[in-house]
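Novice: Have a look at the structure that comes next, please.
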Amino acid sequence: MKLSLTTQAAVLAVLAEVSAAPTNTTTFTASSFAGSTTSDVFPPSGTVVNSALFPGESKVGFPGPTMTGIEPASAQTAPAYPYNNGPAKSFPLILPQPHGSANNLGDKVDISRFWGNLAPWYSVSSADYGLPNASPNIPAGCTINQMQLLYRHGARYPTSGAAPATFAAKIANATKAGNSFRTTGELGFLTGWTYKLGAELLTPFGRSQNFQLGVEYRQLYGELLNNFTAAKTLPVFRTESQDRMVKTAENFAAGFFGVPEYMDEVNIEILVEANNVNNSGAAYSTCPNSNIASRGSIGSTAATQFANNAFNATLARFNAEVTGNLTFTPTDAIAMLQLCSYETDALGYSAFCPLFSEQDFANYEYYYDLSFYYNQGFGSPVAAAQGKGYLQEWVARLTHTFPTANSALNLTFDNNTVYFPLNNSIYADATHEVIVLDTLTAFNFTALQMGPPLSPTGNRGENSFVASKLVPFATHFTTQVMTCPNRNQTQQIRFIVNDAVIPLDQSHAPCPVDADGLCPLSTMLPILQRRIQEIDFNYDCYANYTAAPGMNYNGRAPRM
């Protein structure tokens with residue numbers, strides 16, 4: 001495309017302005033409070049909502065007409081699918097361009113797609129896994145009968161004691177030394193920066209992600225509620241006992257059913273998450289090998305080693321802009337990138353983001369790729385064992401039989417239809433991203449991790465595995481069970497992760513090659529029942545063995 005003379009002149013003027021801009025050589029001295037932790041508390045102590053002075057809808061009355069329409073069923077009826085790829089996926093967050101971008105000229109880079117498990121979820125293309133023409137909408141000639149959903153909480157604060165808080169402590173300690181530290185240029189903000197993040201809880205943006213996911217799934221699958229109406233029963237949505245997990249399920253339910261309707265229209269089952277307590281949504285609590293460096297945590301070690309040389313140029317730039325009692329290390333680079341992610345998710349914007357180049361963000365993503373591929377993917381020796389509990393529950397719901405106790409599932413709740421209904425048309429289970437990926441590994445979806453094991457030394461682009469596609473905030477794994485009279489076998493099933501339809505013919509033979517990703521239910525069930533038998537939970541989680549990066553273990557422990 002040829003630019004007009006006017007446009008060319010405007011572009012040249014901007015470039016000249018950029019090249020002529022003086023380098024910021026102002027020196028900033030660290031404040032005594034730099035790196036300190038700050039927080040706010042709301043609501044104020046001693047305040048309560050006064051329902052006597054501010055009565056609710058039922059007291060005020062006069063609600064106006066309240067006739068309902070039919071349940072939405074856009075997955076069945078809409079001519080197009082509502083993909084989550086536009087600006088709304090991260091609204092209302094501000095995502096600046098990477099360091100070195102030419103004054104925002106040209107294509108913009110969505111840096112949040114390089115944040116691994118800290119990325120906001122976005123729609124992944126089915127073409128990424130070999131199904132270019134597949135849509136998450138129900139294929140023509142088929143009718144949806146059941147939907148099972150496994151989904152992650154939305155954006156949260158860092159976990160307790162994570163790298164961002166450690167970095168803040170380093171900055172605070174540097175201010176206490178005799179000569180403190182001084183910065184110039186783009187690092188000037190650090191001299192007055194304070195740590196503003198809490199721990200573990202959902203952020204406002206995170207709450208909105210789960211709420212919007214609930215709205216989306218009501219729009220897609222609302223017609224399935226008619227089965228509950230006919231059976232005169234309510235759905236059971238499950239979650240864990242951590243505060244963010246309870247709020248996740250409540251926000252999803254609020255989006256799905258409405259406020260305050262969700263409080264009367266769904267049973268929310270809260271399962272205890274604690275060490276040594278069985279829970280398919282927190283299987284690591286009963287899998288000791290998951291936290292051993294030479295077994296379930298080999299990905300963490302591989303990611304750390306990769307980071308040691310991944311940010312050398314940027315660290316050299318940072319250290320040239322600081323003097324005094326402060327030196328930046330590879331550990332700090334990861335912490336600052338995480339602060340970019342966490343501050344954006346929690347506060348709406350982070351001054352750390354523009355510090356890093358596009359290559360830095362690509363390396364940041366690969367850092368998470370390594371961590372998750374070798375901790376929860378096919379490169380992990382414990383992933384399939386940790387995902388086995390949900391796999392068993394999934395099969396139980398389709399075979400209408402209670403699961404057996406050879407995994408992390410909790411038989412106290414899974415042995416009766418009050419807490420574990422067997423005939424529902426909608427299931428929704430909230431969990432953590434590690435369990436979502438453990439589950440995808442337990443199901444043996446090879447298309448999501450196709451290619452040789454990830455190289456610990458750098459991204460060779462040979463494997464389809466990308467952490468931000470599979471484990472972002474609010475990631476979700478969906479099963480559609482359908483009746484398709486126009487197929488040779490009427491009952492069909494398929495799987496979707498973040499809107500990408502997963503092909504099954506290579507990993508789940510004899511499932512056929514199918515442009516829509518369908519497989520006969522009668523074919524799929526025996527395959528996954530055999531997979532359950534293959535996964536040895538006790539050995540993988542308790543045996544003494546050694547694993548290492550560079551191997552594809554199919555999510556199961558090596559036999560010595």
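Novice: Among the numbered criteria (1) surrounded by fewer than 24 Cβ atoms within 10 Å (Cβ to Cβ); (2) of a type outside the set (Gly, Ala, Ser); (3) in contact (Cβ under 8 Å) with a residue 12 or more places away in the chain, which single criterion is violated by Leu337?
Specialist: All conditions pass for Leu337, except number (1).
Novice: Name the residue, out of Asp516, Asp536, that is crowded, with 16+ Cβ neighbours inside 10 Å, of a type in the set (Asp, Glu) and either within 25 Å of Glu433 (Cα to Cα) or without any contact (Cβ under 8 Å) to a residue 40 or more places away in the chain (or both).
Specialist: The match here is Asp536.
Novice: A further question on this structure: Here is a list of conditions, (1) within 29 Å of Ala408 (Cβ to Cβ); (2) free of Cβ contacts under 8 Å to residues at least 24 places away in the same chain; (3) charged (D, E, K, R), and Glu273 meets all of them except one; can you say which number that is?
Specialist: It is condition (2) that Glu273 fails.
Novice: Sticking with this one: Just need a number here: residues in segment 480-510 that are open to solvent by less than 10 Å² (accessible area, probe 1.4 Å), part of a loop (DSSP other than H, G, I, E, B), touching a Gly at 6+ places or on another chain (Cβ under 9 Å) and under 19 Å from Leu391 (Cα atoms).
Specialist: Residues flagged as open to solvent by less than 10 Å² (accessible area, probe 1.4 Å), part of a loop (DSSP other than H, G, I, E, B), touching a Gly at 6+ places or on another chain (Cβ under 9 Å) and under 19 Å from Leu391 (Cα atoms) within segment 480-510 amount to 2.
Novice: Just the residues that are open to solvent by less than 10 Å² (accessible area, probe 1.4 Å) and closer than 30 Å to Thr446 by Cβ, please, taken from segment 350-364.
Specialist: Phe361, Tyr364
Novice: For segment 155-192: of the residues being under 13 Å from Ser31 (Cα atoms) and either among the acidic types (Asp, Glu) or in contact with a helix residue (DSSP H, G or I) (Cβ under 7 Å, 6 or more places away or on another chain) (or both), which is modelled with the lowest pLDDT?
Specialist: If we take residues in segment 155-192 being under 13 Å from Ser31 (Cα atoms) and either among the acidic types (Asp, Glu) or in contact with a helix residue (DSSP H, G or I) (Cβ under 7 Å, 6 or more places away or on another chain) (or both), then Ser180 is modelled with the lowest pLDDT.
Novice: Another one. In this structure, is Thr446 within 25 Å of Asn251 (Cα to Cα) and either in contact with a Pro (Cβ under 6 Å, 6 or more places away or on another chain) or not hydrophobic (A, V, I, L, M, F, W, C) (or both)?
Specialist: So Thr446 fails the test.
For every residue, the table says whether it meets (1) of a type in the set (D, E, K, R); (2) assigned to a helix (DSSP H, G or I); (3) open to solvent by 10 Å² or more (accessible area, probe 1.4 Å).
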{"residue": "Ala333", "(1), (2), (3)": "no, yes, no"}
{"residue": "Asp345", "(1), (2), (3)": "yes, yes, no"}
{"residue": "Gly389", "(1), (2), (3)": "no, yes, no"}
{"residue": "Ala396", "(1), (2), (3)": "no, yes, no"}
{"residue": "Pro403", "(1), (2), (3)": "no, no, yes"}
{"residue": "Phe420", "(1), (2), (3)": "no, no, no"}
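Novice: Okay, moving on. Hey, Ser180 hits all of (1) at positive phi; (2) under 27 Å from the mean Cα position of the chain (by Cα); (3) open to solvent by less than 20 Å² (accessible area, probe 1.4 Å) but one; which does it fall short on?
Specialist: Against the list (1) at positive phi; (2) under 27 Å from the mean Cα position of the chain (by Cα); (3) open to solvent by less than 20 Å² (accessible area, probe 1.4 Å), Ser180 comes up short only on (2).
Novice: Could you check, for segment 89-106, whether at least one of its residues is part of a helix (DSSP H, G or I) and either in contact (Cβ under 8 Å) with a residue 60 or more places away in the chain or not acidic (Asp, Glu) (or both)? Please lay out each step first, then the result.
Specialist: Of the residues in segment 89-106, the ones part of a helix (DSSP H, G or I) are 89-90.
Next, from what is left, pick out any that are either in contact (Cβ under 8 Å) with a residue 60 or more places away in the chain or not acidic (Asp, Glu) (or both): 89-90.
Checked segment 89-106: at least one residue is part of a helix (DSSP H, G or I) and either in contact (Cβ under 8 Å) with a residue 60 or more places away in the chain or not acidic (Asp, Glu) (or both).
Novice: Still on this structure, please answer the following. Across segment 444-479, what is the total count of residues that are open to solvent by less than 40 Å² (accessible area, probe 1.4 Å) and either assigned to a loop (DSSP other than H, G, I, E, B) or under 22 Å from Ile426 (Cβ atoms) (or both)?
Specialist: The number of residues fulfilling the criteria is 18.
Novice: Is it fair to say Thr159 is closer than 30 Å to Phe211 by Cα and either assigned to a strand (DSSP E or B) or of a type in the set (Val, Ile, Thr) (or both)?
Specialist: When the stated conditions are applied, Thr159 passes them.
Novice: Quick one: how many residues across segment 322-331 are touching a residue at least 24 places away in the same chain (Cβ under 8 Å), part of a loop (DSSP other than H, G, I, E, B) and surrounded by 18 or more Cβ atoms within 10 Å (Cβ to Cβ)?
Specialist: Summing the residues that are touching a residue at least 24 places away in the same chain (Cβ under 8 Å), part of a loop (DSSP other than H, G, I, E, B) and surrounded by 18 or more Cβ atoms within 10 Å (Cβ to Cβ) in segment 322-331 gives 1.
Novice: State which residue pairs qualify: first residue touching a residue at least 60 places away in the same chain (Cβ under 8 Å) and in a strand (DSSP E or B) and inside segment 194-208, second residue surrounded by 16 or more Cβ atoms within 10 Å (Cβ to Cβ) and hydrophobic (A, V, I, L, M, F, W, C) in any location, beta carbons under 8 Å apart, and separation of 6 or more residues or different chains.
Specialist: Tyr195/Ala165; Tyr195/Ala168
Novice: Further, regarding this structure: Among the residues of segment 206-224, how many are of a type in the set (A, V, I, L, M, F, W, C) and open to solvent by less than 10 Å² (accessible area, probe 1.4 Å)?
Specialist: Number satisfying all stated conditions: 3.
The values are calculated or read from the model by the stated rules, or taken from the named source; none is laboratory data. Only a predicted model underlies this, so the values are computations on that prediction, with no experimental measurement involved. Neighbour counts run over all protein chains shown; Cβ positions are idealised from the backbone, glycine included. Surface areas here come from the heavy atoms of the whole protein model, side chains and all, with no ligands, DNA or RNA. Shrake-Rupley method; radii C 1.70, N 1.55, O 1.52, S 1.80 Å.
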